[in-house]
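Below: one structure, written as structure tokens.
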Amino acid sequence: MAAYNIAVLPGDGIGPEITREAIKVLDAVGRKFSLTFSYRFADFGGIAFDRHGHPFPDATKSICDAADAIMKGPIGGPKYDTLPDVMMRPEAGALLPLRRRYDTFANLRPVVLQRSIQDASPLKPERLGKGVDILMIRELVGGIYFGRKVEPAEQARDEKGEWYALDECRYTESQVKRIARVAFRQARQRNSPLHNIHKANVLATSRFWNLIVQDVQKTEFPGVEMRNMLVDSAATALVTNPSQFGVMLLENMQGDILTDEGGGILGSLGLMPSACLNPETGRGYYEPAHGSAPDIAGQNTANPYSQIGSAAMMLAIRFGLQREADAVWAAMLKVFGDGYRTGEIKTPNTPLEKIVSTSQFGDLVAENVSRVEVGR
Ligand code: NAD
């Protein structure tokens, strides 16, 4: 029986609730397809700071290094986001170091509005057009998030004696080339044009980005159509005509923002799974695109679709288990098709008995996994 070792980082806020459901579904996949998933749990983020005095302890690093794949829940929360030592905060002390450790430069974020929950979208049906099926590809280890910083606490002064702070934005040729290749490959596979998003009217790094992306297209992917679009236009186009997009390529910060807008057009960030990958080494981690949702943590109301979908991406991408991943997607589709909704995507037409909790959603998906038919 094939066995897969997964490091599970449940994280903070709703993280433990939604990772529990993803494990429930993975176990159902294991039973159906005679596979063994073994889990090693590790503290990461705020919970790790509380228990071990560091958001990314060495023991967690060892568990992640030894695993076949990493499934991560969201981290952070108000208690940690204002810790005086910036490097002890979850983003700076855990999330960015995790990305750096495995050089996970490619963040794949599917923004897919399933037909059966189309009315969860805040957009009018005529705006949704042919529907929403976008793969947003965000560069994840470069740009302004990883550049040199001057923190307010350093009390730095400029030449006029003014107190200032700094975030440097820098991209190198190899950084842009490798993410462009990932995006063009995906566009070719999906037979879709690639929308290259940029801010070249203002930013030197965007002008550089466009030069390199254009060169990659010309020399390696001449058959894939590329459309350049300013990030501000793209923000508008996503709500006025989202069905024009198939694959979008975004740098780190612009991608952070527009992928959350993707969750907005679906109606919930809880519908946003993601994979953070280094396709060259195969290393990566799988996490929802959203945060720890402190406003609903501990209430068993969060939508675990994002975490379960991230687990399905892990099955397909890391383990090559496409049929098993398809079973998970089909099982989730059936839950929506049967009329069930988590609370945040209910509509006035959703009957009370169809509004389900986090754990009920997971139960339904796990039951469906055992029933759905998937091709070989
Ligand atoms: P958030 O994404 O946690 O929540 C934004 C809104 O979406 C909230 O109303 C929340 O209830 C809702 N939401 C998010 N996920 C949901 C789900 N699965 N089901 C139903 N509703 C859901 O953003 P925030 O509140 O700005 O951030 C909270 C914390 O998360 C912050 O500390 C932030 O730094 C952190 N964060 C972590 C990650 C990560 O771990 N990769 C990513 C983004 C934010």
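The values are calculated or read from the model by the stated rules, or taken from the named source; none is laboratory data. Computed from a prediction, not measured in an experiment: that's the story for all the values here. Methodologically, a virtual Cβ is constructed for each residue, glycine included, from the backbone with ideal geometry; neighbour enumeration extends over all protein chains shown.
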Legend entry - Unique residue being in the same structural domain as Phe208 (by TED's automatic domain parsing) and under 22 Å from Asn303 (Cβ atoms) when the list is Val176, Val112, Val132: Val132
Legend entry - Selection count, region 33-64, where residues are over 13 Å from Leu9 (Cα atoms) and either within 16 Å of the ligand (Cβ to nearest atom) or out of contact with any Lys or Arg (no Cβ under 8 Å at 6 or more places or on another chain) (or both): 12
Inset, instruction - Answer yes or no as to whether Tyr305 is surrounded by 20 or more Cβ atoms within 10 Å (Cβ to Cβ), aromatic (Phe, Trp, Tyr) and within 9 Å of the ligand (Cβ to nearest atom). - result: yes
Inset, instruction - Would you mind stating whether Ser274 is under 20 Å from His195 (Cα atoms) and either among the polar types (S, T, N, Q) or more than 16 Å from the ligand (Cβ to nearest atom) (or both)? - result: yes
Inset, instruction - Name every residue in region 92-118 that is touching a helix residue (DSSP H, G or I) at 6+ places or on another chain (Cβ under 8 Å), more than 20 Å from Gly309 (Cβ to Cβ) and not aromatic (Phe, Trp, Tyr), in order of residue number. - result: Ala92, Gly93, Ala94, Leu96, Arg100, Arg101
Legend entry - Candidate set from region 1-32 (those that are basic (Lys, Arg) and within 16 Å of the ligand (Cβ to nearest atom)); member that is farthest from Ile47 (Cα to Cα): Lys24
Legend entry - Hey, Gly30 free of Cβ contacts under 8 Å to residues at least 24 places away in the same chain and either closer than 22 Å to Val328 by Cα or among the aromatic types (Phe, Trp, Tyr) (or both) or not: yes
Legend entry - Odd one out for Ala180 among (1) closer than 23 Å to His290 by Cβ; (2) in a helix (DSSP H, G or I): (1)
Legend entry - Where a residue in region 288-314 is in the same structural domain as Gly11 (by TED's automatic domain parsing) and within 17 Å of Thr342 (Cα to Cα) and its partner, wherever it lies, is within 7 Å of the ligand (Cβ to nearest atom) and polar (S, T, N, Q), with Cβ under 7 Å and at least six apart: Pro288/Ser306; His290/Ser306; Thr301/Thr342; Asn303/Ser268; Asn303/Thr342
Inset, instruction - Name the single residue, out of those in region 119-148 being away from the ligand (no atom under 14 Å from the Cβ) and assigned to a helix (DSSP H, G or I), that is surrounded by the most Cβ atoms within 10 Å (Cβ to Cβ). - result: Gly143
Legend entry - Residue count, region 78-118 (criterion: surrounded by fewer than 17 Cβ atoms within 10 Å (Cβ to Cβ), of a type outside the set (A, V, I, L, M) and part of a helix (DSSP H, G or I)): 9
Inset, instruction - Considering only region 65-97, state which residues are of a type in the set (A, V, I, L, M), away from the ligand (no atom under 13 Å from the Cβ) and without any contact (Cβ under 8 Å) to a residue 40 or more places away in the chain. - result: Met87, Met88
Inset, instruction - Those residues that are of a type outside the set (Ser, Thr, Tyr) and surrounded by 13 or more Cβ atoms within 10 Å (Cβ to Cβ), I need them from region 152-173; list them, please. - result: Ala156, Asp167, Cys169, Arg170
Legend entry - Test result for Phe37, surrounded by fewer than 23 Cβ atoms within 10 Å (Cβ to Cβ), farther than 18 Å from Leu269 by Cβ and hydrophobic (A, V, I, L, M, F, W, C): yes
Inset, instruction - Consider only pairs whose beta carbons are under 7 Å apart and that are at least six residues apart or on different chains; among these, list those whose first residue lies in region 337-365 and is assigned to a helix (DSSP H, G or I) and whose second residue is among the acidic types (Asp, Glu) and at pLDDT 95 or above. - result: Thr358/Glu17; Thr358/Glu21; Ser359/Glu21; Phe361/Glu21; Gly362/Glu21
Inset, instruction - Output the number of residues of region 241-267 satisfying the condition of being touching a strand residue (DSSP E or B) at 6+ places or on another chain (Cβ under 8 Å) and within 16 Å of the ligand (Cβ to nearest atom). - result: 11
Inset, instruction - Report whether or not Leu321 is surrounded by 24 or more Cβ atoms within 10 Å (Cβ to Cβ) and either among the hydrophobic types (A, V, I, L, M, F, W, C) or without any contact (Cβ under 8 Å) to a residue 40 or more places away in the chain (or both). - result: no
Inset, instruction - Assess whether Val374 counts as being under 19 Å from Leu35 (Cβ atoms), away from the ligand (no atom under 16 Å from the Cβ) and surrounded by 24 or more Cβ atoms within 10 Å (Cβ to Cβ). - result: no
Inset, instruction - With respect to Pro57, determine if the residue is over 20 Å from the mean Cα position of the chain (by Cα), modelled with pLDDT under 95 and surrounded by fewer than 20 Cβ atoms within 10 Å (Cβ to Cβ). - result: no
Legend entry - Filter result for the condition that a residue is part of a helix (DSSP H, G or I) and not assigned by TED's automatic domain parsing to the domain that holds Gly262, over Ile70, Ile47, Ile75: Ile47
